[in-house]
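Since every read-out is calculated from the coordinates, none of them should be taken as a lab result. As the structure is a computational prediction, the values presented were derived from the model and not from experiment.
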């Protein structure tokens with residue numbers, strides 16, 4: 001029993017140490033390049049619209065919250081991956097420029113919701129329009145890089161499944177050469 005466990009562990013570890021191919025390195029580098037290129041373009045477009053890049057990101061997060069839900073500061077901080085007090089400072093600057101307004105939450109008076117004002121909506125539309133236009137034009141390169149990475153993942157998964165099946169076959173011993181179609185006799 002112990003030897004079977006050791007065999008399984010060794011076989012699993014061998015499969016997990018699969019070397020990373022040159023094409024995977026290239027695809028990951030290409031994906032990171034395309035994402036950084038898109039983000040740099042977003043920052044430039046935000047600045048052309050008179051916004052700091054983080055202000056644009058906050059306006060986008062406010063506008064993009066699903067459904068009729070209120071934009072609560074804690075949720076917005078989570079979406080931007082920043083601390084609550086940093087989100088408050090960012091919202092302070094947006095409010096000072098007339099892009100957003102704060103109100104007490106309808107459901108919980110202890111929470112503050114953030115409302116996008118028409119001026120903020122116009123600034124956001126200006127940036128988003130540029131970004132969508134660029135993404136529609138050059139987004140295929142990003143998608144191609146991601147697809148390359150995902151194809152390698154599928155190949156790896158199918159190899160693991162095949163390896164697992166062969167390990168099970170080895171564990172169970174060789175297949176019988178002939179199988180009887182008769183039911184087993186009852187004793």
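Data table
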{"read-out": "Kirkwood Rh (inverse of mean 1/r, distinct Cα pairs), the range 44-95, angstrom", "value": "11.2 Å"}
{"read-out": "With eigenvalues of the C-alpha gyration tensor scaled by 5 and rooted, the range 21-152, Å", "value": "33, 17, 13"}
